[in-house]
Amino acid sequence: MKNWLSLLLLMLGFSSYAQEIALEKTVQDLTQLKEAIQTYNPALELYNPGFEKQSAALINGIEKDPLPLVDYFKYVSQMCALSNEGHFALGNWEDTVHSGFLDNRYRYMPLSVKILEGKMYVWVDNSDEDEMKRGDEIMAINNWPAINILDLIYKAFPSDGGITTYVDRNIELGFSWLYYFYIGQPEYFDLRVRTTSGTVRDYRIKALTREEQFANFEQYYPKLSQARVIDTAGFYELTHEGDIAFLTLPSFDYSRVEAYDVKAKKMYKEIFKSLEGDSIKYLIVDLRDNTGGRNEFADKAVPYLLQEKSKDPFLKKTISWKGKSKKYKTPRPSRYAFKGKVYVLVNGRTYSAGSTLARYIKEYANAVVIGKETGTRYEGFAAGSKEYITLDNSGIRIGIPRYHILFPPARKQKTSNRGLLPDHQTYDSVQDVMQEKDVHIEKVRALIDKSRRSSK
């Protein structure tokens, strides 16, 4: 999400200096981007063989001259989205962008949302009016049905195979910005809402600056708890409850790895050595919202989850845009490998290396997976390091994934253009979400109780 927000901030900073860009220059930039994607993305023909035709149609379909800058950025993002890959870096951080954002030059919708089963709900109303309540369903914004707004974002947001669970979670993180980016920048927003009591009501809220929204949030939610701090520089948290161990792995972020000099092998040895003995019979690995980072934090976990040597010849293969490939061997089980039953929690923002680890655990550790479809393809995806280009006329910097990570044939899932599909898919009711009830944990506890009863 950081890369995506950087694009949005860049757009806002850029727009304060220029409002339009000539059609000729837009076509030049999009053609440059199209050719770069074809050069550097090694999985393009596999995941979208129709890219050439679709990208040409996108460029030829531009009608405005000059093109409003906001529309220009829409076309840039749509071009990236046509690859059916989510590992793009869009935009670059600049001093002018940061200053524009922090100086409160921009006004946008003061609202955060939750997306559940294709519907949009109010999460936090930071408007001056503060009339909408958590759980109210948003039916339309400025006379545009909510489902149409979501559909437009789905089509333009780069993601693996259009997996909506991933996009939904990112919409929740940045809906106000995404609305500004894709839909419009009005001064007022007219919302039609179905309240939790079933009554349909209309509200009008005003666009606010970042500072104004923060001030309202602090006023309305003074006692809202802060996000929990995870031990060990944010890489894991390990807790015990009787014969159950809970291992939370929230991120494999590159910057944290380097800043704290965390070694994957050492970290996992420390974790699983502490689980030795007969006291811990069940291990719950929580990978929800783990959007990945360093691949070794997925690869190095495997020896500690294998109970016997796998017959598969390798974990994965990477293929660079130059055609060079590398195979990764399946390791032998570690002496500290966990011997009990493993459960894995995932959701739409279990992504990239986070999703890779979930796949490894499902395939090699015979684990039970609970939650929502992950955001990354089960069979493989384009990722790794990126090839960066700078568009000639706008100056926007685009990072294009240049490695294809390909997994061996799946044993535990009939894969297609889908993420990891849980063995037990959990469905959050509106009431559960609004009350922040963790139905995933409740489900895994029920499965463990069932396992205990069957073993007696």
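The values are calculated or read from the model by the stated rules, or taken from the named source; none is laboratory data. This one's a predicted model, so the numbers in the text were calculated from it and none came from an experiment. Quick reminder, even Gly has a Cβ in these numbers, built from the backbone with ideal geometry, and neighbours come from all protein chains shown.
Any residue in the range 406-428 that is part of a strand (DSSP E or B), within 30 Å of Tyr75 (Cα to Cα) and touching a Gly at 6+ places or on another chain (Cβ under 9 Å)? Give the steps one after another, and end with the answer.
Step one: filter the range 406-428 for residues part of a strand (DSSP E or B), giving 406, 419, 424-425.
With within 30 Å of Tyr75 (Cα to Cα) added as a condition, the list becomes 406, 419.
Pick out the ones that are also touching a Gly at 6+ places or on another chain (Cβ under 9 Å) and you get 406, 419.
Yes, that holds for at least one residue.
Of everything in the range 70-117 that's on the phi > 0 side of the Ramachandran plot and at pLDDT below 90, which residue is surrounded by the most Cβ atoms within 10 Å (Cβ to Cβ)?
The residue in question is Gly91.
Of all the residues that make up the range 272-302, how many are surrounded by fewer than 21 Cβ atoms within 10 Å (Cβ to Cβ) and within 19 Å of the chain's Cα centre (by Cα)?
Of the residues in that region, 3 qualify.
For Val257, indicate whether it is under 21 Å from Lys372 (Cβ atoms) and not small (Gly, Ala, Ser).
Answer is no for this residue.
When the range 198-243 is examined, which residues are found to be outside any helix (DSSP H, G or I), at pLDDT below 85 and of a type in the set (Phe, Trp, Tyr)?
In the first step, residues of the range 198-243 are kept if they are outside any helix (DSSP H, G or I); the result is 198-209, 221-230, 235-243.
Next, from what is left, pick out any that are at pLDDT below 85: 221-230, 235.
Within the range 198-243, Tyr221, Phe235 meet the criteria.
State which residue is nearest to the chain's Cα centre (by Cα) when the search covers only the range 338-352 and only residues that are surrounded by fewer than 24 Cβ atoms within 10 Å (Cβ to Cβ) and outside any loop (DSSP other than H, G, I, E, B).
Residue satisfying both the conditions and the ranking: Val342.
Counting only residues that are surrounded by fewer than 18 Cβ atoms within 10 Å (Cβ to Cβ) and either among the aliphatic types (A, V, I, L, M) or over 13 Å from Phe88 (Cα atoms) (or both), how many does the range 388-405 have?
The total comes to 4.
Pick from the range 273-324 the residues that are in contact with a Lys or Arg (Cβ under 6 Å, 6 or more places away or on another chain) and in a strand (DSSP E or B): which of them is farthest from Arg359 (Cα to Cα)?
The residue in question is Tyr282.
Looking at the range 397-413, can you tell me whether even one residue there is polar (S, T, N, Q) and assigned by TED's automatic domain parsing to the domain that holds His240?
Checked against the condition, which is being polar (S, T, N, Q) and assigned by TED's automatic domain parsing to the domain that holds His240, the range 397-413 yields at least one hit.
Ile280: modelled with pLDDT under 90 and in contact with an Asp or Glu (Cβ under 8 Å, 6 or more places away or on another chain), yes or no? Outline the logic, then answer.
Working: modelled with pLDDT under 90: no; in contact with an Asp or Glu (Cβ under 8 Å, 6 or more places away or on another chain): yes.
Judged against the criteria, Ile280 is not a match.
Could you please tell me which pairs satisfy a Cβ distance under 7 Å, a separation of 6+ or placement on different chains, a first residue in the range 257-285 that is farther than 15 Å from Phe297 by Cα, and a second residue that is assigned to a helix (DSSP H, G or I) and among the β-branched types (Val, Ile, Thr)?
Tyr282/Ile448; Ile284/Val444
If I ask for residues that are under 13 Å from Val342 (Cβ atoms) and either surrounded by 24 or more Cβ atoms within 10 Å (Cβ to Cβ) or not hydroxyl-bearing (Ser, Thr, Tyr) (or both), which ones from the range 353-363 would you list?
Leu357, Ala358, Ile361, Lys362, Glu363
Just the residues that are assigned to a helix (DSSP H, G or I) and closer than 28 Å to Tyr221 by Cα, please, taken from the range 130-148.
Ala146
Looking only at the range 254-284, how many residues end up being over 16 Å from Val342 (Cβ atoms) and β-branched (Val, Ile, Thr)?
2
Looking at the range 363-405 only, could you name the residues that are assigned to a loop (DSSP other than H, G, I, E, B), over 24 Å from Tyr328 (Cβ atoms) and touching a Gly at 6+ places or on another chain (Cβ under 9 Å)?
Passing the criteria: Lys372, Glu373, Ile396.
Determine whether the range 431-451 contains at least one residue that is within 19 Å of Ala365 (Cα to Cα), modelled with pLDDT under 90 and surrounded by 13 or more Cβ atoms within 10 Å (Cβ to Cβ).
There is at least one residue in the range 431-451 that is within 19 Å of Ala365 (Cα to Cα), modelled with pLDDT under 90 and surrounded by 13 or more Cβ atoms within 10 Å (Cβ to Cβ).
Please enumerate the residues belonging to the range 248-263 that are more than 19 Å from Ser385 (Cα to Cα) and buried (at least 17 other Cβ atoms within 10 Å of the Cβ).
Thr248, Leu249, Pro250, Val262
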